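Structure record follows, encoded as structure tokens.
Please treat every number below as a calculation from the coordinates, not as lab data. Keep in mind it's a predicted model, so treat the numbers as computed, not measured. Note: ideal-geometry Cβ built from the backbone for every residue, glycine included; neighbour counts use all protein chains shown.
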């Protein structure tokens, strides 16, 4: 392609982006009006969980389409290749989303908003509804960011039963077993996570200042928790105080408590209800404990990850914190820096020892306790559909196998 032809291709891409962006944004909004301008009775009301989640997924799709359009301007006129296709950032993000997921965080944003209103029939004003949808979609993109980068940090081979993004890119390299291919795979996966993070922030750009501040604080909390996770794993620091702090920051808070609280802030209040924060904190801890049990004893066919992976990786999880106390530090000494990593047989033997020492039973009992604390907090919410849905959600997050 000549330089003139390349300039034409670039100009065409640029001229089409603005219009495409407008169309994508319109498609991602909750449809609260019919084509003739009248109010639709079956609109995307916040009380309709199914249509709300459809709108969230449409908004995420719009964001990824925007990324594809913007990236297409950069690559316009360039020849493609198998590696170029395999390293498409928006495709890696989209495929991870399509591989599964329960949309936990978006669902909790919606419930936090409804619970703060203490009402099951709020005003479905398009601007308010769209703000809740945008924040919910932003949380899902933030989650994808975390998964992509976490897989690189943990050198994980699989996620949701499929090869991780960095493994997919590495497999497409000319010499997939070489160090250059490994570095390329890791780098592209990090960029895919960066893209998801940028798209999440794009969605929250126009929020009220106090909501944007809460979002920023939640992001900082998440990445700080991830940093501590890495540092404590390197140190084999498995004491209960440290492991619970990590679990709160990188799992319980960003999965449960912060989506609820930020959803509540979208009502216009300056702070979320205290009872909602208590509910979120208790349920978040139960969720993190359940996650940690799954990380040790989960069935690979269900979780998409090898059993005992957290143990082999010396992850500072709450369950290993309980194990550290139950075994008087013996596990910490075995996992100390400089010691040989656990092989599959030794990992299995340690898992059996933890069971015999009552570690799993203790974790299950703590889940039940925190689950009960969460339900107690709901007493502040009037009986009704929202309280019933939050109760079901608490049951779902605390009692699960994946």
Please find the FRET efficiency linking residue 383 to residue 355, where r is the Cβ-Cβ separation and R0 is fixed at 51 Å, and quote it to the nearest 0.05. 0.80
Roughly what would the spin-label model give for residue 125 and residue 399, points 7 Å off Cα along C-beta, in nm? 4.0 nm
R0 of 51 Å, Cβ-Cβ distance residue 372-residue 202: FRET efficiency to nearest 0.05: 0.80
If you take the beta carbon distance between residue 78 and residue 325 as r and set R0 to 45 Å, what does 1/(1 + (r/R0)^6) give as a FRET efficiency, to the nearest 0.05? 0.20
Using alpha carbon centers only, region 62-127 is separated from region 201-236 by a whole-angstrom value of 19 Å
Okay, helix-only estimate at 222 nm for the chain: each DSSP H run of n ≥ 4 adds -39500 (n - 2.57), divide by all residues, round to 500 deg cm²/dmol; what do you get? -22500 deg cm²/dmol
Could you tell me the distance between the Cα centroids of region 178-196 and region 318-386, to the nearest Å? 32 Å
Suppose a student asked you for the relative contact order of the chain, using Cα pairs under 8 Å spaced at least 6 residues apart; what percent would you report? 16 percent
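Do you know the relative contact order of region 45-206, to the nearest whole percent, from alpha carbon pairs under 8 angstrom that are 6+ apart?
31 percent
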Give the relative contact order (percent, whole number) for region 272-402; include only Cα pairs under 8 Å separated by 6+ residues. 42 percent
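Take 210, 143 and order them by how many other Cβ atoms sit within 10 Å, fewest up front.
Details: 210 14, 143 23.
Least crowded to most crowded, the residues run 210, 143.
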Which of rounded, prolate, oblate describes region 300-402, given a ≥ b ≥ c as roots of the alpha-carbon gyration tensor eigenvalues and a/c under 1.5 marking rounded, otherwise prolate only if a/b is larger than b/c? prolate
Which value in nm describes the separation of the simple spin-label points at residue 155 and residue 61, placed 7 Å from the Cα toward the beta carbon? 3.9 nm
Figure the gain on full extension for residue 54 and residue 301 (residue separation times 0.36 nm, minus the Cα-Cα span) and round it to one decimal in nm. 86.1 nm
Starting from the 7 Å offset along Cα-to-Cβ, what nm value, one decimal, do you get for the label separation of residue 217 and residue 171? 4.3 nm
Please identify which residues in region 317-346 have an amide N closer than 14 Å to a label point set 7 Å out from the Cα of residue 234, following the Cα→Cβ vector. 337-338
For the chain the translational diffusion coefficient, Stokes-Einstein from a Kirkwood Rh over Cα pairs at 37 °C and viscosity 0.692 mPa s, in µm²/s, is roughly 145 µm²/s
